[in-house]
Every structure is written in structure tokens, then in C-alpha cells.
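Read through the structure below, which is laid out as C-alpha cells, and then see the notes.
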Amino acid sequence: IIASNIDQVFLIITLNNPPTFPAFVDRFLVTAEAYQIPVILLFNKMDSYEDSSLKEVKEFQKIYQDIGYYTYNISDTKGWEIESVKAIMQDKVSMFSGHSGVGKSTLVNAICPGLDLKTAAISKQHQQGMHTTTFAEMFALTKGMKIIDTPGIKGFGVVDMKPEEIGNYYPEFHKRKDKCKEHNGSV
């Protein structure tokens, strides 16, 4: 359990510095779907990518957009799309999650500079975050916004799910479930 009583989750993703892999995103999304928590994907550090990496990010995003997830290109250090994120957060409890080093606390600081949360640079040797945030903490902001900043997640596994029910938590499978030749109530 990372947090409770949340309305939505922002999963912060970076293509590199540190890398976020699709398997991590998929596990996270399946778990959120199992608990009926909407997820918004924030692709961060967009100001730091070269053209070839931008193309890769767009391909990565398209996979999740085609399924029905909302994605945003942001830069927490440049302020790109911060107002859009704030608008989605109005009157909601929002959790920020992702790997250590993707910019969760930096994003919280961009949304509410007065919080001045501690941040750190990525480890040059391991290309991973430094685990600056060590526990989940909620901050009440203006316009009914509440943010839960969480520690970085190195790995994410699914628990308490039977193999036959996992397909129910993939929106793209669930939509086609009734057309399955081997329909037995599971995918």
C-alpha cells in the first residue's frame, strides 16, 4: 500500500535519466485498474530530449493513448503543462508516483513553490534517483487540491490477483472480452 483515499494517480515517466520501462507502467496500471483509480501519465523532462528520443516518447505515449489513458508532456523545471496538471487536480486528492528520480518532488515544487520539497540530482553512476523522498506525505493546496508525494518505486509487482482475473484490468482486453472465442468469464 502506497496511499489510500485517493481520487487519481499521476504516474511520472521518463524515457531516460532514469528510464521507465513499459513493464513497470503496465504493472502500475493493472493495479490501479483493480482498485478503480484513474491514472494520468505524465511524461517528464521533455525539455531534455533530442529529436530521436522525442520520437520514442511519442511512440511510448501512443500505446497508452490508444488504450484510453490521458498523457501529458511536461517539464517540471521549465513549467511546461504545469497549469494543465493543476486543473486536473482541482478538488481532488492526487498521488504522484513513479521511479526514484523521475521528478515527483520537483513537480510538486513546480505546482506549489512554497512547499520547497527536497530534491536531488540523478546518480551519474547508476542513472537512478537518490531516494530523497523517504515516506509518502500529503500536502493541502489551494482550490481543494491535495497532493501525496511518494518515495520512488524501484520495482512494482501485482499482488492478490488470480491469473484468470488479470485480463479484467487491461482496458483494451476488457472491451473485447465478449468477443473472445474461449469466453469463460475471464480473459
Only unsatisfied item for Met46, checking (1) within 30 Å of Gly144 (Cα to Cα); (2) out of contact with any helix residue (DSSP H, G or I) (no Cβ under 6 Å at 6 or more places or on another chain); (3) surrounded by fewer than 19 Cβ atoms within 10 Å (Cβ to Cβ), is (3)
Where a residue in the stretch 106-120 is within 15 Å of Leu42 (Cβ to Cβ) and assigned to a helix (DSSP H, G or I) and its partner, wherever it lies, is open to solvent by 70 Å² or more (accessible area, probe 1.4 Å) and at pLDDT 85 or above, with Cβ under 7 Å and at least six apart | Thr106/Thr77
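Where residues in the stretch 139-187 are polar (S, T, N, Q) and loosely packed, with under 10 Cβ neighbours inside 10 Å, which of them is modelled with the lowest pLDDT?
Looking at residues that are polar (S, T, N, Q) and loosely packed, with under 10 Cβ neighbours inside 10 Å, I get Asn184.
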Lone unmet requirement of (1) in contact with a Gly (Cβ under 8 Å, 6 or more places away or on another chain); (2) crowded, with 18+ Cβ neighbours inside 10 Å; (3) of a type outside the set (D, E, K, R); (4) within 28 Å of Ala140 (Cα to Cα) for Thr20 | (4)
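Check Ala23, Ala34, Ala87 and return the single one that is among the small types (Gly, Ala, Ser) and in contact (Cβ under 8 Å) with a residue 60 or more places away in the chain. Spell out the reasoning first.
Values: Ala23 fails: in contact (Cβ under 8 Å) with a residue 60 or more places away in the chain; Ala87 fails: in contact (Cβ under 8 Å) with a residue 60 or more places away in the chain.
From the options Ala23, Ala34, Ala87, the qualifying one is Ala34.
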Only listed residue being touching a Ser or Thr at 6+ places or on another chain (Cβ under 8 Å) and open to solvent by less than 30 Å² (accessible area, probe 1.4 Å), chosen from Ile40, Ile111, Ile82 | Ile40
Report yes if Gln127 is of a type in the set (S, T, N, Q) and either at pLDDT below 90 or in contact with a Cys (Cβ under 6 Å, 6 or more places away or on another chain) (or both), otherwise no.
-> yes
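Any idea how many residues of the stretch 57-72 are polar (S, T, N, Q) and open to solvent by less than 60 Å² (accessible area, probe 1.4 Å)?
Filtering the stretch 57-72 down to residues polar (S, T, N, Q) leaves 61, 65, 71.
Restricting the remaining residues to those that are open to solvent by less than 60 Å² (accessible area, probe 1.4 Å) gives 61, 71.
Residues meeting the conditions: 2.
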Tally the residues that are out of contact with any helix residue (DSSP H, G or I) (no Cβ under 7 Å at 6 or more places or on another chain) and free of Cβ contacts under 8 Å to residues at least 60 places away in the same chain, restricting the search to the stretch 2-20.
-> 1
Restricting attention to the stretch 10-34, which residues are more than 20 Å from Asp149 (Cα to Cα) and among the aliphatic types (A, V, I, L, M)?
-> Leu15, Ala23, Val30, Ala34
For the stretch 88-96, indicate whether the set of residues that are surrounded by fewer than 21 Cβ atoms within 10 Å (Cβ to Cβ), basic (Lys, Arg) and in a helix (DSSP H, G or I) is non-empty.
-> no
Any hit, the stretch 23-34, residues being more than 11 Å from the chain's Cα centre (by Cα), surrounded by fewer than 16 Cβ atoms within 10 Å (Cβ to Cβ) and modelled with pLDDT of 95 or more = no
Residues of the stretch 50-98 being aliphatic (A, V, I, L, M) and within 24 Å of Tyr169 (Cβ to Cβ), which ones?
-> Ile63, Ile67, Ile88, Val93, Met95
May I ask you to list the residues in the stretch 8-17 that are in a loop (DSSP other than H, G, I, E, B) and either loosely packed, with under 14 Cβ neighbours inside 10 Å or at pLDDT 90 or above (or both)?
-> Thr14, Leu15
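The values are calculated or read from the model by the stated rules, or taken from the named source; none is laboratory data. Because the structure is a prediction, the values reported are computed rather than measured. With ideal geometry, Cβ positions are generated from the backbone for all residues, glycine too; neighbour counts draw on all protein chains shown. The protein model used for the area step is the full one, side chains on, heavy atoms only, and it has no ligands, DNA or RNA in it. Shrake-Rupley method; radii C 1.70, N 1.55, O 1.52, S 1.80 Å.
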